[in-house]
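Structure record follows, encoded as structure tokens.
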Amino acid sequence: MEANIAIPTDGKDTWNGGTQKPLGASYGKMMMWYFIVSDALTFSGFLAAYGLTRFKFMDSWPIADEVFTHFPGLHGVHAPMYYVALMTFILIISSVTMVLAVDAGHQMKQKRVAWYMFATIIFGIIFIGSQAWEWKNFINGTYGAVKTTDGRLLQFASQDGVDADGEPVFHQIALSDFVVGERTDGRVLHERENGLWFEKEEAIATYSVAQIQESYKSNPDVLIRSELIDPATKQKIILSREEGMAQLAKTKMVVEGANLQVNEYGNTSFADFFFFITGFHGFHVLSGIIINIIIFFNVVLGTYERRGHYEMVEKVGLYWHFVDLVWVFVFTFFYLV
């Protein structure tokens, strides 16, 4: 008995993936699902690597509530996680407007599709702009710290009273809170005219090592806290004045902000993963915004009305929902856990 094999004779069917529709999905939707699954595996690998690295350096991992404390327009106000939570809410709302755009497309309502797509684009732009602002604050830093010759990071704190149990309460302070004056070592920024090998350096620290050491000695209320976390209190370990003096004597460099080499908040791997994973996700959001803009103009021009369906809106909607879902996991790993 010979099997009947249907051979498409229409070239159009061939280029659309053939006449078969697995799971009732079109060729375009199926390819989008393939991409989403492969990309999900990529993000899973990144987050798994982050989790393993954090577990390895758990005793020196930065505390999120001490890192992400900024809020636009509230300079000097300690607002831990507030703006990140607002960013997450905005991205979730953009997913809702995308659902409404897809639903309007099913009803063949062109104007509603256009408005909801436009709203999705605006929310996406707000999110990516907020992420860039968060990066700027993270890179510039808030408090400053010093790094010793044995690789330890030392931050500064002062006592802020006592709690209900009579235990002292400390809060982190910035270098500018107790170090005064200009650099005392005469160090200047290397320009191409005066730099080594005629190379310009990016920036130098606001204060010198000797300046910080002298200011610490003359301020008995200033304490040094280690990058290590006390397992009992889940807070950074505060050193005594004598121990702090001994550690500060081993200072190698001043750290302000975070980059791929140093991190004033704690372990450098945290900054590496933060830049890589949030940057990779931000690239996906930016790509989604660009694709949404293209689809939006096609909607306005009536391209999909003439086709008789809005499947392209559905496909880009799948991608946008995936980007939103990934951020939920990134938000959980980096900011909440």
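Details
- Within region 227-239, residues that are hydrophobic (A, V, I, L, M, F, W, C) have Cβ atoms under 6 Å from residues that are open to solvent by 70 Å² or more (accessible area, probe 1.4 Å) in these pairs: LEU228/ASP59; ILE229/ASP59; ILE238/PHE170, counting only partners at least 6 apart in sequence or on another chain.
- Filtering region 52-62 to residues that are of a type outside the set (A, V, I, L, M, F, W, C) and part of a helix (DSSP H, G or I) leaves THR53, ARG54, LYS56, ASP59, SER60.
- Helices (runs of 4 or more DSSP H) contained entirely in region 63-170, each with at least 2 residues that are open to solvent by 10 Å² or more (accessible area, probe 1.4 Å), under 30 Å from GLN213 (Cβ atoms) and of a type outside the set (Ser, Thr, Tyr): 64-67, 110-140
- Pairs where the first residue, in region 290-308, is without any contact (Cβ under 8 Å) to a residue 40 or more places away in the chain and acidic (Asp, Glu) and the second is surrounded by 12 or more Cβ atoms within 10 Å (Cβ to Cβ) and assigned to a helix (DSSP H, G or I), C-beta under 9 Å, 6+ apart: none
- Within region 29-62, considering residues that are among the β-branched types (Val, Ile, Thr) and open to solvent by 50 Å² or more (accessible area, probe 1.4 Å), the one nearest to PHE331 (Cα to Cα): THR42
- Taking every residue in region 73-86 that is closer than 16 Å to ILE173 by Cβ and pairing it with any residue that is of a type in the set (Phe, Trp, Tyr) and in a loop (DSSP other than H, G, I, E, B), at least 6 positions away or on another chain, the pairs with Cβ-Cβ distances below 9 Å are VAL77/PHE71.
The values are calculated or read from the model by the stated rules, or taken from the named source; none is laboratory data. Remember, it's a predicted structure, so these values are computed and weren't measured experimentally. Every residue, glycine as well, gets a Cβ built from its backbone with ideal geometry; the counts of neighbours run over all protein chains shown. Accessible surface areas use protein heavy atoms only, side chains included; no ligands, DNA or RNA. Shrake-Rupley method; radii C 1.70, N 1.55, O 1.52, S 1.80 Å.
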